[in-house]
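Reviewing the structure listed below.
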Amino acid sequence: MNNLKGGIQVISYFNNYKRHLGLLLDQNRVIKFRHAIFQNVKTDDIVIDLGCGIGILGFFALESGASHVYAIEPTEIIELAKKISILNGYSNRITFIKKNGKGISKKDIPEKVDVIISEPISNFLLEGDLWSTIQYLKRFLKEDGKIIPYSGKLFIAPSENAPQTFLDSCNVLNYPNLFHINFDDFTKNVMYKSEVFDVNPKNWVSEPEIILDINLKNDELKDYFSKVIKFKIEKSGLIQGFHIYFKLNIAPKIEISSLDNSHYATWAPQFLPIKLPIQVNGGEILSLKISTKTFPDYHYQWDLELEHFSFYSDLSIDLNRLEGLEINFKPEIIIKNDSIYYLDQDFFVQYDIESEMEKKIIDLIQKENKIKNIIQEIKNTYKTDNLKTEIFLTFTNIIKKLNSLNMIEIKSYSPSFLRNNFSWTIRIP
Ligand SMILES: C[S@@+](CC[C@H](N)C(=O)[O-])C[C@H]1O[C@@H](n2cnc3c(N)ncnc32)[C@H](O)[C@@H]1O
């Protein structure tokens, strides 16, 4: 199922005037591709336009001086491209080949080409079998030939924010007794991605990580991948899913991104829901394994496995789990007049120290960052068991509060971390 050797047979998805009109209306897309083609296609170049649709990228190549274009397209839309080529006087410089790119032979293209142009981009960077088709067609590319687009990166970040459309569908589908029918197989086993129109990095609990980093000419192009990504959680939060977006260099300095908020944008950042929202805390580690599959009917599936290394359970901090960690107040913290202040982007967060015991603990944290040593200090200083229990309780509560207020940094994790894991599947589109 994965390598689609014979290619996808019928791509009804693209055999549709309206879809190609949408692609044409996205001026950010069209103008940047045109710019990249004008920069890279030279006079007398031979060009392949893979997945030509209505022919637009091939026509730009001819306008830029190419002597001949081989335009490949398996769907009926190619008939429209032919008509447009005649209308514009290009028909003697363009050969239309109504085939899947993987069916192309030397009979179809009897010479080596200078440039392969394609627009194979989905919101997840990979689309259908176009990437492996570009790989296949590299056999027709001259050694110093070029590929447009040039390179692409796919990013992912764990997010506290879920799009309203996703929350609405959860509300409806999880509503018990919806029409008195149990929809569990639909709602629990396979989840769907949704678009995010208001990506705000403030909702991310870690830096985004790179899922894919591809150079189209130098790398072996496949339509699927498997990868483990580790996120170092920087701030506490309840994560609902992951934001996914791409950045693509059509040519080295011409970038397009699914974050571009342009008119009629073809692409949008995506939200991948987690099976169950999870509470994460600064210093913890999330490990996400992604394995993707492509199917001949153009759908795409992501199988996900999440491991969460947390240093305390949802309800209580266990002292044993804190051993082995280091805590520090963030450098921008101000401790003054029995209060702790922290400027979080644009507002002040304040924590009031309420008791003598809390004050002592704050002093300890300022002097010593290894939790193991703080625990030892408490054991040495407080003689009675009652006092020890009370101060340990206060200690764990303070860490929990300071962490949720983002005032401390917790580094490294000990093997005593709790490890939760679960897996789920997302179907695209
Ligand atoms: C995103 S559209 C781009 C169309 C056009 N190049 C443009 O920029 O407007 C991708 C096109 O690739 C075609 N396509 C998809 N898989 C293909 C394959 N394996 N071989 C050839 N064409 C393919 C689709 O039918 C579709 O017309």
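Only the coordinates and a few stated rules stand behind these numbers; no lab work does. Keep in mind the model is a prediction, meaning the values are calculated, not measured. Every residue, glycine as well, gets a Cβ built from its backbone with ideal geometry; the counts of neighbours run over all protein chains shown.
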**Study point:** Rule-of-thumb Rg ratio for region 12-149 [Cα; 2.2 N^0.38 Å; N residues]
**Key:** 0.95
Exercise for review: Please work out the C-alpha center-to-center distance from region 29-56 to region 201-252 and express it in whole Å.
Suggested key: 28
Check your understanding: How big is D, in µm² s⁻¹, for region 319-411 by Stokes-Einstein at 10 °C and 1.306 mPa s if Rh is the Kirkwood radius over C-alpha pairs?
Key -> 116
Exercise for review: Go through LYS98/LYS222; LYS98/LYS293; LYS99/LYS247; LYS330/LYS367; LYS42/LYS222 and tell me which ones have a Cα-Cα distance over 18 Å in this structure.
Suggested key: LYS98/LYS222; LYS98/LYS293; LYS99/LYS247; LYS42/LYS222
Practice item. For an R0 of 30 angstrom, estimate the FRET efficiency from the Cβ-Cβ distance between ASP363 and LYS232 and round to the nearest 0.05. Key: 0.55
**Study point:** Inter-probe distance in nm under a simple model that places probes 7 Å from Cα toward Cβ, at ASP219 and LYS142
**Key:** 2.7
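Would you mind ranking THR133, THR292, THR381, THR396 by Cβ crowding within 10 Å, fewest neighbours first? Mind dumping the intermediate values first?
On the way: THR133 24, THR292 21, THR381 12, THR396 18.
Sorted ascending by nearby Cβ count, the order is THR381, THR396, THR292, THR133.
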Check your understanding: Can you give the relative contact order of region 12-149 as a percent, counting alpha carbon pairs under 8 Å and 6+ residues apart?
Key -> 23
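Highest mean first, what order results for 371-380, 202-211 on Cβ atoms within 10 Å?
On the way: 371-380: 15.5, 202-211: 17.6.
Packing order, densest peptide first, comes out as 202-211, 371-380.
Arrange MET407, MET357 by Cβ neighbour counts within 10 Å, fewest through most, would you?
Details: MET407 20, MET357 17.
Ranking MET407, MET357 by Cβ neighbours within 10 Å, fewest first, gives MET357, MET407.
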Check your understanding: Within straight cross-link reach of LYS230, meaning Cα distance under 15 Å, which aspartates and glutamates are found once same-chain residues fewer than 8 apart are removed?
Key -> GLU207, GLU209, GLU284, GLU305, GLU307
